[in-house]
Structures are given as structure tokens and as C-alpha cells.
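*Asks:* Structure provided below as C-alpha cells; questions to follow.
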Amino acid sequence: MCGIIGYVGNKEAYPVLLQGLHRLEYRGYDSAGVALIQDDIINIHKRQGKVSELEEYCIDRDISGHTGIAHTRWATHGEPNDVNAHPHFSSDKKMALIHNGIIENYQLLKTELINRGHEFASETDTEVLVHLVDDIKRNENVELAEAVRLALTQVVGTYAIIVISVEDPHTLVVARKGSPLIIGFGQNEFYVASDGSAIVEYTDKVVYLNDEEIAILTEGDDIHVKTIKNKVIPHYVETLEMSLNQLEKSGYEHFMLKEIFEQPRSIADSMRGRLNSAKEIVSLGGIIEYENHLLNARRIIIVACGTSYHAGLVAEYMLEDLVRIPVEVEYASEFRYRNPIIYSDDVVIAISQSGETADTLAAVELAKQKGATVLGICNVVGSSIARATHAGSYTHAGPEIGVASTKAFTAQVTVLTLMALCLAKRKGKIAKQKYTHIIHELENIPKRVEEIFKLDTHIKEIASYIKNFNNALYLGRNYNYPVALEGALKLKEISYIHAEGYPAAEMKHGPIALIDEDMPVVVIATIKGTYDKVVSNIQEVKSRKGKIISIVTEGDTVVKGLSDYIIEIPETEEMFVPLLATIPLQLLAYHVAIMRGKNVDQPRNLAKSVTVE
Ligand code: G6P
């Protein structure tokens with residue numbers, strides 16, 4: 001939620017900031033703004049709407065300056081408008097600040113500051129920060145960085161901030177707690193951003209700031225890092241593992257489409273070096289040290305949000321089936337607030353594409369406090385969850401930019417499958433023949449995904465049928481239940497058609513009342529497992545005039561006879577059906593959204609990285 005970027009050096013700052021905002025726009029896109037220091041004034045330009053609207057607005061404005069900050073917003077406190085957009089000014093307009101996070105005690109601080117004569121322009125929680133820093137700076141007569149540090153000791157909440165002041169025109173003061181922040185090093189210059197995508201074209205030398213740390217970045221000087229408690233600490237320069245072409249659309253019309261079509265590669269990358277089918281070895285280097293904790297775990301508790309939660313549900317079926325360890329899957333936002341019972345011999349696995357989701361991060365901290373072993377499955381290298389967990393495995397899907405998660409899901413399921421296979425083998429819970437068969441089948445999944453892409457034109461036809469409805473129901477059982485949830489989530493988040501995912505058998509306990517000729521029902525009805533039961537559920541829908549779109553195994557005739565439309569996917573092991581069946585549902589949602597004229601990469605009200613709870 002919200003993207004921040006800053007630059008100090010000898011380049012013109014505006015082009016760097018603007019390009020960075022475009023790259024960070026997936027984090028929020030309801031307003032954007034930029035502040036630039038020019039001699040002894042700060043020019044702020046900000047606009048409701050997307051970054052392109054800010055860009056247009058700035059065409060005939062003064063955008064010169066070598067020090068600047070910029071922000072793209074996902075509104076929390078205060079509606080999206082020009083005034084609430086960041087950056088925010090101090091009263092004398094000599095200082096400006098941008099912020100990603102939430103200041104929970106802002107009301108209290110605001111009242112005190114108003115009593116001391118500060119005037120507020122916006123309804124945001126952020127604006128208190130700049131007034132507070134300014135107030136401390138004047139009253140305590142301290143340097144900017146010290147004023148920021150003292151201000152942050154009074155703040156309750158989360159933040160990644162960048163502050164600039166005309167009194168230190170060649171300095172950025174940055175700090176973080178609970179929201180991501182990365183610092184890049186150039187030639188006598190610094191770049192700061194919410195993530196590496198905004199700075200990768202300038203540098204790959206970076207420092208990830210830790211929670212409750214402040215950095216002072218002055219052109220031509222070294223970086224200085226200290227804690228909020230005023231302890232000077234060393235910094236570690238790391239190499240940013242990201243390439244620029246991963247951040248481009250590469251000829252696709254949308255990032256989402258590109259990311260859907262990248263899945264054969266991203267699934268293969270998630271297996272690379274971990275699955276050796278010739279030697280029949282599966283190993284996850286990142287968690288090898290904790291394999292015994294997993295094998296001896298009383299329970300495995302998976303915490304995640306959104307699509308990552310659905311990957312967790314798939315893992316629950318796999319881990320219980322293959323490893324015979326009890327698994328619970330929880331929405332991180334519920335888990336963290338319900339006083340959960342966590343034993344020290346539980347293993348908690350946090351799944352997160354961004355590695356920054358606030359609720360998942362809080363669940364990780366809670367589980368750590370209670371003494372559990374906590375592992376992470378993250379996509380973004382160096383992200384907060386990746387660093388907060390005891391160990392973990394990266395999914396290696398590459399940057400995912402479309403707000404609706406696609407390739408991250410299949411990469412998460414792939415890594416969790418590898419985990420289940422390693423554990424099952426070590427635990428002796430899997431027959432040799434089954435193990436051999438499964439790993440060869442897993443290796444073939446990328447090829448099978450390629451085959452599904454040949455159905456794109458057919459899926460488009462189905463999309464043109466679905467696009468006119470207001471509701472849709474997605475049904476599946478067993479491994480296909482999470483697929484139904486994920487399919488429904490994709491449709492609702494990008495096309496705004498109301499869609500529900502349901503376990504097929506539960507339909508008769510409520511949703512069946514909704515079924516009539518205006519209700520398309522998407523059923524994942526692949527051969528094996530509960531196939532016959534699902535066929536009965538399809539009959540129940542059909543006899544109530546529901547329209548049936550089925551995902552079936554190639555060659556199926558029974559379900560085909562009952563369906564209005566079918567999508568045939570290659571036959572595979574039951575546990576791998578989610579890796580295949582999700583793909584046509586992603587494409588279906590994509591085409592429906594396009595046909596309805598929606599912005600698939602930036603759906604309304606959503607953001608990719610949910611760093612507020
Ligand atoms: C947001 C995104 C979803 C994502 C969820 C969890 O809602 O729009 O696509 O699944 O957050 O994000 P995470 O980064 O933790 O996987």
C-alpha cells in the first residue's frame with residue numbers, strides 16, 4: 001500500500017522519481033505527488049488519480065531539482081484527493097515528507113500539535129509526522145535526522161518515510177518500521193524506494209533498512225544508519241537480484257497476461273536446483289536446517305492472505321495426504337487477533353508473494369513470540385517476511401506486477417509440493433513407486449501448462465458468454481476446492497462480477513438457492529478423487545437451470561454431456577490439478593475483465609502489497 005521513492009545526487013531528480021512511481025504504482029494508485037528542492041524552496045505537485053495524471057499536470061510546472069521525493073497512494077485516512085495526496089508540507093513549507101504505513105496515534109498527536117499552533121491541510125495520518133518533526137526541530141533546536149528520530153519515538157504504528165528539508169538540501173532522512181524500504185547506492189548519490197523495482201535501472205547495490213532504523217543519506221557522503229534508540233549500527237550492502245526486463249510488459253498488453261503466460265517458466269524456476277528427477281532427489285536448501293522441526297512438528301500452521309491463502313489450502317491437502325502431519329490454514333488477519341494456541345513444537349509457515357503483507361508479518365511475529373519455528377515462502381527476495389522468519393524458501397517466480405496474483409500462486413504451490421515430497425520421503429510415508437511417479441509428473445507440469453495455453457481462444461469465447469452476468473459460482477471438491485476459491489477471487493477482483501467459490505457439496509446448504517438460468521456455475525470436475533460426487537453436484541445445478549462451465553480432464557465425456565461449455569486440461573496426478581486448473585480460470589477472468597473494459601493490472605480499490613492491516 002503506497003509506494004515511496006526518493007533521490008539525492010547530481011541528476012535531475014524528477015525523471016528518476018516519475019519512472020519510480022510508474023514502477024511502484026501497483027502498490028496504490030488513487031493519487032500521486034512529488035516534492036523537489038530548488039534552492040531554498042520546496043515545490044510540491046500532487047494530483048488525485050494515477051501517476052500519468054500527475055505527469056500530465058507537471059508538464060508546465062517547475063520540476064527542477066536534484067533532491068526529491070515522490071509517492072503513489074492507496075488511501076487509508078482521508079479520501080483520495082489532491083490535498084490528501086502526499087508529499088505533505090510543514091507549516092513553513094520548508095520541509096516535506098512521504099509515508100507508507102499507518103500512524104495509529106495520529107489523532108492524539110494532531111490535537112497536541114494543533115494546540116501548539118500547527119495548522120493541518122489534510123485529513124491524513126501522515127501529515128502529523130511532518131508537523132511533529134518540524135515542531136521538535138524548532139523547539140529542541142536539533143538537526144533534521146535527530147528531529148526525525150525523536151519524532152518516531154512518539155509514534156505508534158507502521159511507517160516507511162522519507163523527509164527532505166531546505167535546511168539540508170542534499171540530504172534524505174529515511175526510516176522504517178513495518179513497511180518496506182530499500183536504499184540504493186549510485187555515484188555520490190542515493191536512491192530510496194519501497195522496493196527494488198523502482199531503482200534497479202540505476203543500481204544493484206542496496207541496503208535493506210531494518211525496522212526502527214533511520215538512515216541519513218547525503219550526496220557525496222557515506223550512508224549513516226542508527227536505530228530509533230540512537231544506537232549507531234553498521235550497514236550491509238547486498239546485490240539486488242532483479243533485472244529490468246522482468247519489469248516490462250515484453251509485448252503483452254497487460255502485466256497480468258504476461259504473468260499468466262510466464263507460468264511454464266516460473267514453475268520450472270521454482271523447481272530449479274531443487275528437483276533432480278534423474279536422481280529422484282527433492283530438496284529445499286532454504287529450509288534443510290529445519291527439516292527435523294517439520295518432521296517432528298505437532299502441527300503445521302499455514303498463515304497467509306488472499307491468493308497465498310489459497311496456495312496454503314492446496315498445501316494442507318498435500319501435506320496431510322503425503323506427510324500425515326496435521327495442518328491448519330488460517331487467514332493471517334484472523335490468526336493474529338484470536339489468541340491462537342501455538343506450541344513450541346508447531347511449525348508456522350507464512351506464505352506471501354510480496355513478503356510485506358502486514359497481517360502475515362504480524363502473524364509471523366506472534367508465532368515467533370510463542371516459540372514456534374516459523375518458515376516463509378516468499379517471492380520477493382529480502383522482503384520483511386523473508387527476513388523475519390527463521391528460514392524459508394523463495395518461490396523464484398520473478399517480479400509479479402499485475403495486482404491479481406497469478407504466477408505467484410502456481411510457484412507457491414510448486415514450492416509447497418516440493419516441501420511435501422521431501423518430508424514424505426524422509427518420513428517414509430510415501431511408497432517408492434508413487435514418489436518416482438509424482439516427481440516425474442511434477443517435472444512435466446510446465447509442459448502441460450503450455451498445452452493449456454492453446455485453449456486461449458476457446459476460453460475467450462466462454463468469457464464473452466460470462467461477461468454479461470452479474471454473478472458466478474465456482475465449485476470444486478478436495479484439491480479443487482481451493483481452485484474454485486481462487487477462480488472466483490480472480491473473477492471478482494478484476495471484472496467486478498460477484499463470484500463465490502464453494503466446496504461443491506456445500507452448495508446444497510445455501511448457494512443452491514441462487515441457482516437459476518442467470519447463474520453461471522464453473523465446476524472443476526477433473527477425473528479421480530471425488531469425480532462421481534462432483535458429477536452429482538453438476539446434475540443438481542443443471543436440474544435448476546444453472547449454466548455449467550466445466551474444467552475437465554482431456555477426453556471426459558460424462559461431464560461434457562452435462563455442460564454448456566467445457567475446458568479440457570491434460571490428465572495429471574490429482575495433487576497437481578490445482579497447478580493446471582487454475583490457469584484457464586486466470587485466463588477466463590482476464591478476458592472477462594478486458595471485455596468489460598476494466599483495468600486488469602490495477603483493479604479499483606485494490607493494491608498488490610497490503611502493508612496496512
Ligand atoms: C493483495 C493482493 C493479492 C494477494 C494478497 C496477499 O490482496 O492483491 O493478489 O494475494 O494481497 O499478498 P501476499 O503478497 O502476502 O501474497
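The values are calculated or read from the model by the stated rules, or taken from the named source; none is laboratory data. Note that the structure is predicted; figures quoted are calculated from it, not measured. We place every Cβ from the backbone using ideal geometry, glycine too, and count neighbours over all the protein chains shown. Keep in mind that these areas ignore ligands, DNA and RNA; they rest on the heavy atoms of the full protein, side chains included. Shrake-Rupley method; radii C 1.70, N 1.55, O 1.52, S 1.80 Å.
*Asks:* At 25 °C and 0.890 mPa s, grab the translational diffusion coefficient of the range 253-387 from Stokes-Einstein with a Kirkwood Rh over Cα pairs, rounded to a whole number in µm² per second.
*Replies:* 155 µm²/s
*Asks:* Moving to a separate point now. Per Stokes-Einstein, at 10 °C and 1.306 mPa s, what whole-number D in µm² s⁻¹ belongs to the range 127-240, with the Kirkwood radius over Cα pairs as the hydrodynamic radius?
*Replies:* It comes out at roughly 111 µm²/s.
*Asks:* So how tilted is helix 106-115 from the main axis of the chain? Cα-based, degrees 0 to 90, rounded to 10.
*Replies:* 20 degrees
*Asks:* Among 66-77, 349-360, 103-114, what's the highest-first ranking by average C-beta atoms within 10 angstrom per residue?
*Replies:* On the way: 66-77: 25.4, 349-360: 29.0, 103-114: 16.3.
In decreasing order of mean packing, 66-77, 349-360, 103-114 become 349-360, 66-77, 103-114.
*Asks:* Is it possible to state the helix-based mean residue ellipticity at 222 nm for the chain, with each DSSP H run of 4+ residues giving -39500 (n - 2.57), the sum divided by total residues, to the nearest 500 deg cm²/dmol? What is it?
*Replies:* So the calculated ellipticity at 222 nm is -11000 deg cm²/dmol.
*Asks:* A further question on this structure: Dipole of the chain, Cα-centred, from +1 at each Lys and Arg C-beta and -1 at each Asp and Glu C-beta, to the nearest 20 debye?
*Replies:* That gives a dipole near 1900 debye.
*Asks:* Say the dipole of the chain comes from +1 at the beta carbon of Lys and Arg and -1 at that of Asp and Glu; which of Thr611, Gly428, Leu217 then lies farthest toward its positive end?
*Replies:* It is Gly428, whose Cα lies furthest towards the positive end.
*Asks:* For the range 451-478, list residues with backbone N below 12 Å from a point placed 7 Å from the Cα of Glu517 toward its Cβ?
*Replies:* Within reach of a label on Glu517, which here means backbone N under 12 Å from a point 7 Å along Cα→Cβ, the range 451-478 contributes nothing.
*Asks:* Below 8 Å between Cα atoms, with a sequence gap of 6+, how large is the relative contact order for the chain in percent?
*Replies:* 12 percent
*Asks:* Using the Kirkwood formula on the Cα atoms of the range 195-291, what hydrodynamic radius do you get, in angstrom to one decimal?
*Replies:* Radius from the Kirkwood sum: 17.6 Å.
*Asks:* How big is the shadow of the Cα convex hull of the range 3-143, averaged over all directions, in nm²?
*Replies:* 8.3 nm²
*Asks:* For the chain, build the charge dipole from Cβ charges (+1 Lys, Arg; -1 Asp, Glu) around the Cα centre, then report which of Val128, Asn339, Val163 sits farthest towards its positive end.
*Replies:* Projecting each Cα onto the dipole axis, the largest value belongs to Asn339.
*Asks:* For the chain, what is the accessible area per residue in Å², given a 1.4 Å probe and the full set of protein chains?
*Replies:* 37 Å²
*Asks:* Then there's this: Any idea what % of Cα-Cα pairs in the range 247-328 are farther than 21 Å?
*Replies:* Everything past 21 Å amounts to 50 percent.
*Asks:* Compute, for Lys93, the solvent-accessible surface of its heavy atoms (probe 1.4 Å) with the complete set of protein chains present, and express it in square angstrom to the nearest 10.
*Replies:* Surface accessible to solvent at Lys93 totals approximately 110 Å².
*Asks:* Where the only charges are on Cβ atoms (+1 Lys, Arg; -1 Asp, Glu), what is the dipole of the range 107-190 about its Cα centre, to the nearest 20 debye?
*Replies:* Around 260 debye, computed over the range 107-190.
*Asks:* Here is a further query. So between Glu280 and Tyr337, what do we pick up on full extension, going 0.36 nm a residue minus the alpha carbon distance? Could you put the intermediate results ahead of the total?
*Replies:* Working: separation 57, 0.36 × 57 = 20.52 nm, distance 4.23 nm.
Using 0.36 nm per residue and subtracting the Cα-Cα distance, I get 16.3 nm.
*Asks:* Highest mean first, how do 559-572, 363-376 rank when packing is the count of other Cβ atoms within 10 Å averaged over residues?
*Replies:* Highest mean packing first, the order is 363-376, 559-572.
*Asks:* Using the structure shown, list the pairs from Lys11/Lys226; Lys226/Lys407; Lys110/Lys177 with a Cα-Cα distance above 29 Å, or answer none.
*Replies:* Exceeds cut-off: Lys226/Lys407.
*Asks:* Computed over the Cα atoms of the range 540-613, what is the convex hull's projected area averaged over all directions, in nm²?
*Replies:* Average of the hull's projected areas for the range 540-613 equals 8.0 nm².
*Asks:* Restricting to Cα atoms and excluding each atom paired with itself, what does the Kirkwood estimate give for the range 3-245 in Å?
*Replies:* 17.4 Å
*Asks:* Defining a contact as two alpha carbons under 8 Å apart and six or more residues distant in sequence, what relative contact order in percent does the range 450-601 show?
*Replies:* 31 percent
*Asks:* Give me the Kirkwood hydrodynamic radius of the range 361-504, using the inverse of the mean 1/r over all pairs of distinct Cα atoms, in Å to one decimal.
*Replies:* 18.2 Å
*Asks:* Then there's this: Just to confirm the number: angle between the C-alpha axis of helix 577-595 and the first principal axis of the chain, 0 to 90 degrees, nearest 10?
*Replies:* Once rounded, one gets 60 degrees.
*Asks:* Test of understanding: express the Cα radius of gyration of the range 406-486 as a ratio to 2.2 N^0.38 Å, with N the residue count.
*Replies:* Normalised by 2.2 N^0.38 Å, the Cα Rg of the range 406-486 equals 1.45.
*Asks:* Between Lys231 and Arg544, what is the spin-label point distance in nm, taking each point 7 Å from the Cα along the Cα→C-beta axis?
*Replies:* The answer from the label model is 6.1 nm.
*Asks:* For the range 450-601, take N as its residue count and report Rg(C-alpha) divided by 2.2 N^0.38 Å.
*Replies:* Normalised Cα radius of gyration, the range 450-601: 0.93.
*Asks:* Moving on. With viscosity set to 0.890 mPa s and temperature to 25 °C, compute the Stokes-Einstein D of the chain, Rh being the Kirkwood radius across alpha carbon pairs; µm²/s, no decimals.
*Replies:* Numbers: Rh = 25.4 Å.
Estimated via Stokes-Einstein, D reaches 97 µm²/s.
*Asks:* Compute the orientation-averaged projected area for the range 374-438 from the convex hull of its Cα atoms and round it to one decimal in nm².
*Replies:* Across all orientations, the range 374-438 yields a mean hull projection of 5.4 nm².
*Asks:* Could you tell me which residue out of Ser308, Asn292, Ala404 lies farthest along the dipole of the range 248-443 toward its positive end? Charges go on the beta carbon: Lys and Arg +1, Asp and Glu -1, centred on the Cα centre.
*Replies:* The Cα lying farthest towards the positive end belongs to Asn292.
*Asks:* Another question, if that's okay. Could you please state, rounded to a whole Å, how far the C-alpha centre of the range 317-393 is from the C-alpha centre of the range 107-150?
*Replies:* The range 317-393 and the range 107-150 have Cα centres spaced 37 Å from each other.
*Asks:* Cross-link candidates for Lys429: which lysines have Cα within less than 27 Å, leaving aside residues fewer than 8 places away along the same chain?
*Replies:* Here the lysines satisfying the reach criterion relative to Lys429 are Lys279, Lys528.
*Asks:* With only Lys, Arg, Asp and Glu charged, each at its Cβ (+1 for the first two, -1 for the last two), find how big the charge dipole of the range 248-443 is about the Cα centre; round to the nearest 20 debye.
*Replies:* Dipole magnitude for the range 248-443 comes out near 600 debye.
*Asks:* Of all accessible surface on the chain at a 1.4 Å probe, what whole percent is carbon and sulfur?
*Replies:* Carbon plus sulfur share of accessible area: 47 percent.
*Asks:* Any chance you could run the full-extension gain for Ser52 through Glu123? It's 0.36 nm times the residue separation minus the Cα-Cα distance, nm to one decimal.
*Replies:* 23.2 nm
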